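Novice: Once you've had a glance at the structure underneath, I'll fire off some questions.
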Amino acid sequence: MSSPAFCGQCGAELVEAAAYCTACGAAVPPPVVAPAVPTVPVQSTQGRYVWLCVVVALLSLILARAAFNVIVMLFLGQEDIAAKVGGAILIVLILLAWPANRLWKSILAFEPQSDPLFKRKHGKFTAITGGLVGTLLAVSVLGGIVAGSARAKEKADIASVAAPLTAQKQKYDEFSKRLAALRSTRPSTYEEYCTQCMALETLLNEAQPAIERYKLLQARYWATVNKYPDLRTPTLQTQAKLVKDMEDEDGEFFAALRDEIAKAKDLKALPTSQRDAYYHREIVPLLAKEQRIGDEERRILAEEKKNMAPMPTDISNSMQH
């Protein structure tokens, strides 16, 4: 119920909605109506929250991946590479942090912290977001530690077999050079040829333990490599196949050398008149076989060069007959 109105002329009480005072007849002014206040629609911040979540997710994923990679590199002793990766990732994070900060400030402009309702909303959002980011980072760090430990063990295992293999390969290479030097001399008589074959037998007998150990270390190296799936790359698989092919050819080559030495002993025991026929019938085919093996090994080396898979020094490739 509205409060009573009075005449401004005589002070008498006015009848509600009267145009004139009943007491003095003065006109009653119309009531003053307050102007309507326009309603301002509240702008929604949902879109800003969505974009903020997208940016934070990108930041978290990049940071998590960087943490994983850096930890693995540190386990592998690659501190310099880890520092470079960390620096590059830091630049990316700074670039992404700028839009995240702008989005958060725009949210606060519409949802001031002074409002308890908005303050609770912001606290809940940051708690959930921080928890998810922290969990992701913790998983990444733990994964990096596990993966780094495994890679460090893998590296140590490979080094434990690669070091003796490299040392043994030097002896194998030395044997190859001595063998090539011995066969580089062209004998002019059957006596010189038989003498050369006896020296060849002595060299083979001396080098046999080193050759067997080299093959054993190679087998151990490839067995160790095959233990780790991430090392089974196409390049390494090609290298392993070429090494196996080269070993097969070397084994056939050594067998041909032993046969040649045995035939040379028989040649030496024959009368002079029979030596020429025996040499061409028994020994020349062996020399041709050795040449064929050398050609096959050169083909394998050419394939190795094409596939960029480093190979150990072979034996028969350096031999000329």
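The values are calculated or read from the model by the stated rules, or taken from the named source; none is laboratory data. Worth saying up front: this structure is predicted, and the values here are computed from it rather than measured. For neighbour counting, all protein chains shown are included, and Cβ atoms are generated from backbone atoms with ideal geometry for every residue, glycine included.
Novice: Test of understanding: among Lys124, Lys153, which residue is exposed (fewer than 13 other Cβ atoms within 10 Å of the Cβ) and more than 34 Å from the chain's Cα centre (by Cα)?
Specialist: Lys124
Novice: From the list Ser188, Ser106, Ser114, which residue is outside any helix (DSSP H, G or I) and assigned by TED's automatic domain parsing to the domain that holds Ala57?
Specialist: Ser114
Novice: Next up: In this structure, does Gly131 turn out to be under 30 Å from Gln46 (Cα atoms), modelled with pLDDT of 90 or more and among the small types (Gly, Ala, Ser)?
Specialist: Judged against the criteria, Gly131 is a match.
Novice: Go through (1) surrounded by fewer than 15 Cβ atoms within 10 Å (Cβ to Cβ); (2) touching a residue at least 40 places away in the same chain (Cβ under 8 Å); (3) more than 30 Å from Ile62 (Cβ to Cβ) and name the single condition Ser114 misses.
Specialist: Here Ser114 meets the rest and fails (2).
Novice: Going residue by residue through segment 208-221, is there one that turns out to be of a type in the set (Val, Ile, Thr), within 47 Å of the chain's Cα centre (by Cα) and surrounded by 13 or more Cβ atoms within 10 Å (Cβ to Cβ)?
Specialist: Within segment 208-221 (the criterion being of a type in the set (Val, Ile, Thr), within 47 Å of the chain's Cα centre (by Cα) and surrounded by 13 or more Cβ atoms within 10 Å (Cβ to Cβ)), the answer is yes, since at least one residue qualifies.
Novice: Go through segment 232-255 and report how many residues are without any contact (Cβ under 8 Å) to a residue 40 or more places away in the chain and either outside the structural domain of Glu303 (by TED's automatic domain parsing) or of a type in the set (D, E, K, R) (or both).
Specialist: Residues meeting the conditions: 5.
Novice: Something else: Out of the residues in segment 235-260 that are surrounded by fewer than 17 Cβ atoms within 10 Å (Cβ to Cβ) and of a type in the set (A, V, I, L, M), state the one that is farthest from Trp222 (Cα to Cα).
Specialist: Ala255
Novice: With respect to Ala138, determine if the residue is aliphatic (A, V, I, L, M) and either at pLDDT below 90 or touching a Gly at 6+ places or on another chain (Cβ under 8 Å) (or both).
Specialist: no
Novice: Still on this structure, please answer the following. Of all residues in segment 142-165, which are over 14 Å from Tyr228 (Cβ atoms) and without any contact (Cβ under 8 Å) to a residue 40 or more places away in the chain?
Specialist: Within segment 142-165, Leu142, Val146, Ala163 meet the criteria.
Novice: Of Arg281, Arg275, which residue is at pLDDT 80 or above, loosely packed, with under 14 Cβ neighbours inside 10 Å and charged (D, E, K, R)?
Specialist: Only one candidate passes the filter, namely Arg281.
Novice: Assuming Phe75 fulfils every condition listed in (1) buried (at least 17 other Cβ atoms within 10 Å of the Cβ); (2) within 21 Å of Thr126 (Cβ to Cβ) apart from one, which condition is it?
Specialist: (2)
Novice: Also, I was wondering about something else. Which one of the conditions (1) modelled with pLDDT under 85; (2) surrounded by 16 or more Cβ atoms within 10 Å (Cβ to Cβ); (3) of a type outside the set (Val, Ile, Thr) does Ser60 fail to meet, given that it meets all the rest?
Specialist: Failing condition for Ser60: (1).
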